[in-house]
1. Just for helices (runs of 4 or more DSSP H) wholly inside region 134-248: which have at least 1 residues that are surrounded by fewer than 21 Cβ atoms within 10 Å (Cβ to Cβ)?
2. Is it the case that some residue within region 94-112 is open to solvent by less than 20 Å² (accessible area, probe 1.4 Å), over 28 Å from PRO232 (Cβ atoms) and at pLDDT 90 or above?
3. Restricted to region 113-125, and to residues that are in contact (Cβ under 8 Å) with a residue 12 or more places away in the chain and out of contact with any Asp or Glu (no Cβ under 9 Å at 6 or more places or on another chain), which residue is surrounded by the fewest Cβ atoms within 10 Å (Cβ to Cβ)?
4. Which of the residues spanning region 218-246 are of a type in the set (Phe, Trp, Tyr) and farther than 21 Å from GLY163 by Cβ?
5. Quick check on my filter: what residues within region 225-251 are more than 21 Å from GLY77 (Cα to Cα) and more than 18 Å from the chain's Cα centre (by Cα)?
6. Which of the residues that make up region 104-144 are among the aromatic types (Phe, Trp, Tyr) and more than 17 Å from THR83 (Cβ to Cβ)?
7. Restricting to region 138-159, give me the number of residues that are closer than 17 Å to PRO46 by Cα and out of contact with any helix residue (DSSP H, G or I) (no Cβ under 7 Å at 6 or more places or on another chain).
8. Can you go through VAL202, VAL164 and tell me which one is touching a Pro at 6+ places or on another chain (Cβ under 9 Å) and among the hydrophobic types (A, V, I, L, M, F, W, C)?
Amino acid sequence: MSFAHHRRVSPRRFAMLRAVFALILREMATTHGKALGGYLWKILEPVLGIALFSYVASLAFRAPALGSNFPIYFAAGVLPFATFIDVQRRCAGAITFSRQLLGYPSVTFVDAILARMILAFVTQIVVFYFITLGIELWFVTETSYRFERIVAAMVMAGALGAGVGIANCFFWHYFPVWNRIYRILTRPLMLLSGVLFIYEDVPETYQAVIWWNPLVHVTGYSRSGFFGTYNPDWVSFIYVYAFALVPAVVGLFLLYHFHRRILMLN
């Protein structure tokens, strides 16, 4: 009985893996193009942003809040933040992007979300690696790496992006006005997420408010992976993953019941 059940279940799992892999390949060819330039731009874009910020910051401040190198200080905060943004955006647009393939019974909306989530996260990991490597080769950063913390911060950023993105995958398409509202509400997000500052530099009056932004925990823990003397004991993994899990569960529930209607609406 159990062997027969295993034989029935396994083909479904392999079918899901094949569908996700095929969607990833399609995403790579469609989004970045077949030319190498499409992938290079994913690295050059944050490089230019880090370079611009570092130049402006060096004119305004003598030294960053941690360490002595502006590029590595900014990269430690902006790269996990960019991971959240990219994963969220791709998960939110998964159904629309793959709508032509969702008519096939072998492709589900979960496959579409997983494919875009995996590709976005892996892409950001590659971008993170090459940018930090480039900064280390170009500058004397005097950083003390704790790689387990860097990985943990990137995983938190990816989880948050996936959770919010899955919820938005429903709300953006079922209530189009929410797309505009979300963009307006999150426009100052970079300024409020610890990308440019550290939590300890915020006046105590506002620390209690800033703490509730889960991205502050991500950027703070990421910086502790670059600067060995920095230990943000206020970071809460439970809060970050709960913030990611709740919208993911709500979004999957709503998509399960309404994804076909969303396909008809778009």
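1. 147-174, 176-185, 189-192, 204-210
2. no
3. Here the answer is ILE125.
4. Those that are of a type in the set (Phe, Trp, Tyr) and farther than 21 Å from GLY163 by Cβ: PHE226, PHE227, TYR230, TRP234.
5. Hit for region 225-251 is VAL250, nothing else.
6. TYR104, PHE109, TRP138, PHE139
7. 1
8. Numbers: VAL202 fails: touching a Pro at 6+ places or on another chain (Cβ under 9 Å).
On inspection, the qualifying residue turns out to be VAL164.
The values are calculated or read from the model by the stated rules, or taken from the named source; none is laboratory data. These figures come from a predicted structure and were not determined experimentally. Glycine also receives a Cβ, built like all others from the backbone with ideal geometry; neighbour counts cover every protein chain displayed. Surface areas here come from the heavy atoms of the whole protein model, side chains and all, with no ligands, DNA or RNA. Shrake-Rupley method; radii C 1.70, N 1.55, O 1.52, S 1.80 Å.
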